[in-house]
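Worksheet for the structure shown next.
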Amino acid sequence: MTKPETPLTPDQAIDAELSAYLDGEVDQAARDEIEQKLSSHEVYRERLQVLQASWDLLDQLPGSDTDESFTRSTVAMAALHIEQPPTSESLVSRQLARWPWLRLGGCIAASFLVGFVAIAVPTRIAHRHAVKDLELIQNFEIYYYADSEQFLKLLDEEGLFAEELDELL
């Protein structure tokens with residue numbers, strides 16, 4: 001699916017028309033029409049002067065010699081690009097290939113997250129058990145010397161250590 005082309009602004013349309021005129025890419029009828037516009041519209045004359053100045057500057061740049069294989073490979077790559085436009089998936093993978101530090105940062109962030117979860121979850125579970133058994137932990141010395149749970153229940157029913165427990169709590 002191709003994207004719909006966005007309409008050209010008036011300046012862009014004039015530039016495109018004048019560029020084709022300067023490059024000699026228009027037929028005689030279009031050439032006559034453009035020359036008529038140049039003679040009657042100041043905007044066309046100003047845009048032509050700007051474009052002509054740009055063309056003159058380009059002519060002053062040093063040229064480079066390329067062999068025929070460079071031209072063939074460039075045209076072949078352009079044709080391939082037209083036949084198979086890049087997908088967003090390939091664009092993302094190319095961007096990631098350009099910035100290896102971004103991949104490294106993502107790996108570090110993912111490792112940090114996994115490590116945090118691996119440590120935090122068991123620790124929170126252990127803390128919940130500790131809070132649940134807080135009274136037992138605080139009174140461990142008292143319970144340590146008891147022979148059985150039944151003995152402790154009897155002591156609790158008698159209320160012998162109720163005052164000490166009230167002080168501890």
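The values are calculated or read from the model by the stated rules, or taken from the named source; none is laboratory data. Since the structure is predicted, the reported quantities are computational estimates derived from the model, not experimental observations. Because the Cβ atoms are built from the backbone with ideal geometry, glycine has one as well, and the counts that use them run over all protein chains shown.
Yes or no, residue by residue, for (1) in a helix (DSSP H, G or I); (2) of a type in the set (F, W, Y); (3) loosely packed, with under 10 Cβ neighbours inside 10 Å:
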site: E33; (1), (2), (3): yes, no, no
site: Q36; (1), (2), (3): yes, no, no
site: Y44; (1), (2), (3): yes, yes, no
site: Q52; (1), (2), (3): yes, no, no
site: L57; (1), (2), (3): yes, no, yes
site: D65; (1), (2), (3): no, no, yes
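When you go through E89, E46 one by one, which is the residue that is at pLDDT below 70 and not small (G, A, S)?
Result: E89 is the single residue among E89, E46 that is at pLDDT below 70 and not small (G, A, S).
Please identify the pairs in which a residue from the range 112-132 that is surrounded by 10 or more Cβ atoms within 10 Å (Cβ to Cβ) has its Cβ atom under 8 Å from the Cβ atom of a residue that is hydrophobic (A, V, I, L, M, F, W, C) and in a helix (DSSP H, G or I), counting only partners at least 6 apart or on another chain.
A130/I137
Taking A16 as meeting all but one of (1) within 41 Å of the chain's Cα centre (by Cα); (2) at pLDDT below 85, write down the number of the exception.
(2)
When you scan the range 21-31, how many residues do you find that are part of a helix (DSSP H, G or I) and surrounded by 11 or more Cβ atoms within 10 Å (Cβ to Cβ)?
Residues meeting the conditions: 4.
Do we find a residue being modelled with pLDDT of 80 or more and of a type in the set (A, V, I, L, M) anywhere in the range 32-39?
Yes, the conditions are met somewhere in the range 32-39.
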